[in-house]
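The values are calculated or read from the model by the stated rules, or taken from the named source; none is laboratory data. In this text the structure is predicted, and so the values were computed from the model without any measurement. Here Cβ is always computed from backbone atoms with ideal geometry, including for glycine, and neighbour counts include all displayed protein chains.
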Protein chains: 2
Amino acid sequence: MAKHSHEDQVEQIMDRLAASGKRRTMSRQAVIKVIVDYHGHVSADDIATRVQKDFPSLDVSTVYRTLETLRELGIVERVWFADGSTVYHLSDHKHHHLCCERCGAVQELPISALKNLERFLLDEYGFETHQQPLGLFGLCADCRRSTRGDSS
Amino acid sequence: MAKHSHEDQVEQIMDRLAASGKRRTMSRQAVIKVIVDYHGHVSADDIATRVQKDFPSLDVSTVYRTLETLRELGIVERVWFADGSTVYHLSDHKHHHLCCERCGAVQELPISALKNLERFLLDEYGFETHQQPLGLFGLCADCRRSTRGDSS
DNA sequence: ACGTTGATGCAACTGACTGGCAAGAGCCAA
DNA sequence: TTGGCTCTTGCCAGTCAGTTGCATCAACGT
């Protein structure tokens, strides 16, 4: 339950890379730092843009290759939202996303929140879902309130 | 509750197009026919390939434009699966999808199946989801049985 | 320091999709 | 039937996210 600083987390992930025979490089460190800092919800393009502030010559292809490497090692996961967009986040921070269509806010929803649905699908359909992070779209509490105020 | 033949359904949709000031064209009819025949789960590319058997000169851009027109009129909807792929289906046949990762089978799940989840999100998070069709991945009943048989 | 081999930058490429434009085809009106 | 207005279409070039080939570069073990 020890709380790690972001730097520690980055180091830890670099160690996992090294332990798998991968090399410690600046590019990888920079990409990982962005993912850790953003704490979820980063698109590949976000990462590239952000990383290129510090390393202008770093190519998107490197970002994609790094993401693929991290995915292979189970360190990050890729999520597709219901609108076709995609983001990456740390695997140990797995969660669903509630995306507000009005203000764009993305709220996290613990994986456990869909336990009931899982059980239902298994009981009723014999279908065993994976704990695949979902991106659900709708209106967040704030926007719902203001919408109610605006209309009618 | 009248059961319509596929031809009737296509005609009916063509009528709705005409009623909206759109023209009745072969291309549109062909695209609609494929969507109606497939009864859901068609990708734009599926449609293009299929339609081009009858109309080889029909361009993909026409398929996309037709799909967009149909979407504007609320006749078809686009769904993004959790693996990033996308399909189109008739709006009056709205449903979620249970996609088996092993055999590729796609099972339909009524929208109502997620009512409990919706209520939960509203009560617990104040988040109002839209009835957005989802594509959930996992193992279907058949594959679950055979997997149990195979391993251990 | 050195050599092996994995990692990177660059650029060309893919696949899904979009937009411009001129030619073609519905539909209405005469 | 014949215009003719305007929507549709085919063609093609362009965009956008992501991938791949390849020569160069730089980690890491020795």
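Odds and ends about this structure:
- Counting only strands (runs of 3 or more DSSP E) that sit wholly inside segment B:18-131, those with at least 3 residues that are within 12 Å of DNA strand C (Cβ to nearest atom) are B:76-80, B:86-90.
- Residue check, A:ASP59 at pLDDT 95 or above, among the acidic types (Asp, Glu) and not assigned by TED's automatic domain parsing to the domain that holds A:HIS130: yes
For (1) basic (Lys, Arg); (2) in contact (Cβ under 8 Å) with a residue 12 or more places away in the chain; (3) at the interface with chain B (Cβ under 10 Å from one of its Cβ atoms), each residue gets a yes or a no:
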position	(1), (2), (3)
A:LEU90	no, yes, no
A:CYS99	no, yes, yes
A:HIS130	no, no, yes
A:LEU134	no, yes, yes
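- Criterion applied to B:ILE47, B:ILE35 was being more than 21 Å from A:SER85 (Cα to Cα), within 13 Å of DNA strand D (Cβ to nearest atom) and not assigned by TED's automatic domain parsing to the domain that holds B:GLN131, and the one residue passing it is B:ILE47.
- Among the residues making up segment A:127-150, those that are modelled with pLDDT under 85 and surrounded by fewer than 16 Cβ atoms within 10 Å (Cβ to Cβ) are A:HIS130, A:GLN131, A:THR147, A:ARG148, A:GLY149, A:ASP150.
- Test result for A:SER20, closer than 23 Å to B:PHE81 by Cβ, at pLDDT 90 or above and surrounded by fewer than 16 Cβ atoms within 10 Å (Cβ to Cβ): no
- Among residues of segment B:101-128, those that are in contact with a His (Cβ under 9 Å, 6 or more places away or on another chain) and without any contact (Cβ under 8 Å) to a residue 60 or more places away in the chain, counted: 7
- Taking the listed residues B:VAL51, B:VAL60, B:VAL31, the one that is of a type in the set (A, V, I, L, M, F, W, C), surrounded by fewer than 16 Cβ atoms within 10 Å (Cβ to Cβ), more than 30 Å from A:THR129 (Cβ to Cβ) and touching a helix residue (DSSP H, G or I) at 6+ places or on another chain (Cβ under 6 Å) is B:VAL60, with no other qualifying.
- Screening B:LYS115, B:LYS53 for residues that are under 25 Å from A:SER112 (Cα atoms) and among the charged types (D, E, K, R) leaves exactly one candidate, B:LYS115.
This table checks each residue for (1) farther than 24 Å from B:SER85 by Cβ; (2) within 16 Å of DNA strand D (Cβ to nearest atom).
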position	(1), (2)
A:ASP15	yes, yes
A:GLN29	yes, yes
A:GLN107	yes, no
A:ALA113	yes, no
A:LEU117	no, no
A:TYR125	no, no
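- In this structure, B:THR86 does satisfy being under 12 Å from the mean Cα position of the chain (by Cα), surrounded by fewer than 17 Cβ atoms within 10 Å (Cβ to Cβ) and within 16 Å of DNA strand D (Cβ to nearest atom).
- Residue-level check: of (1) more than 12 Å from DNA strand C (Cβ to nearest atom); (2) in a helix (DSSP H, G or I); (3) touching a Lys or Arg at 6+ places or on another chain (Cβ under 7 Å), B:GLU7 misses just (3).
- The set of residues from segment A:29-73 being of a type outside the set (Gly, Ala, Ser) and in contact (Cβ under 8 Å) with a residue 60 or more places away in the chain comprises just one member, A:HIS41.
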